[in-house]
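Participant: This is the structure I want to talk about, given as C-alpha cells.
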Amino acid sequence: MELLVRTRHRKSNPKLEILNSKQIQMTKIRIFKTKNFPIMSFGFTLIELLVVISIIGLLAGLVISNVAGVRERARDVERKSDLDQIKKALRMYYNDYNSYPASIPTVGDQFSVGSMIYMKLIPKDPVSNQPYTYTRGTCTEDFRLVATLENKSDSGIDKSQDRCSEDTCGAPAAYAEGSYVVCAD
C-alpha cells in the first residue's frame, strides 16, 4: 500500500512524496505525538458526566414536584365544581319547597323528589371517594357543604369560611383547616 502525501522540509518548498505502508504507520505515530497535534480524546471525563447527571436530576425533581402540585390543584378545582353543582341542585329544591332538605342522597344516587330530578348523580370526593359533608342550618333557609382541599394555601378557603361563618339564623360555624365551604346565598 502506498500513499501520496505532501511533505514540507525545513529549507525547501513542499513536495510530493510516496510513502509505503510502514512509513504511513510511522507518520501516524509521529503526527499524534508531536506538539502541534495533541492526542485527541473523544470521551467525557467523570466530572463532566457527574455534572450533567446532577443537572438532569435537579430538573427532574423540579418537574415532578410541580406536576404533583398541579394534580392537587386540579382535584381541588373538581371538588369546588362538585360543591357548586350540588348548591345549584339545592337551590332548585329550595325554589320548589321554600326550604332546604334535611339531608341529601348518598354518593352516586339521584337527587330527586317525585318526578322532579334535581341532580342525576351526587358526586364524591375524587381521592377518598367519600361524600361531601352537608348540613342544613338551624333554620331551614340555610345549608353548608364542606369539602377538604389538598392545597391548604388555597385562597378560596378563607373567603369561603368567612362568607359562611354563620347561617341566616345567626348560628356560628367553625371549620377544620383546609375546609372549603359553600352555603346558601
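All of the numbers you see were taken from the coordinates with simple rules; none came from a lab. Just so it is clear, the model here is predicted, and its values are computed rather than measured. In this analysis, Cβ positions are derived from the backbone assuming ideal geometry, glycine residues included, and neighbour counts consider all displayed protein chains.
Participant: Reported to two decimal places, what Rg/Rh ratio describes the range 104-162 when computed on Cα atoms with Rh from the Kirkwood expression?
Facilitator: Rg divided by Rh gives 1.03.
Participant: Please report the relative contact order for the range 46-183, taking Cα pairs under 8 Å with a sequence separation of at least 6, and give it as a percent rounded to a whole number. Walk me through the numbers before you get to the answer.
Facilitator: Numbers: 181 pairs, mean separation 28.4, N = 138.
Reported as a whole number, the value is 21 percent.
Participant: When a footprinting reagent is the concern and you count Cβ atoms within 10 Å, what order do Glu166, Glu72 take, fewest first?
Facilitator: Final ranking by Cβ density, sparse to dense: Glu166, Glu72.
Participant: Please compute the volume of the convex hull spanned by the alpha-carbon atoms of the range 46-183 and report it per residue in Å³.
Facilitator: 115 Å³
Participant: Exceeding 22 Å between C-alpha atoms, which entries from my cross-link table qualify? They are Lys88/Lys152; Lys120/Lys159; Lys80/Lys124.
Facilitator: Where the Cα-Cα span goes over 22 Å, the pairs concerned are Lys88/Lys152; Lys120/Lys159.
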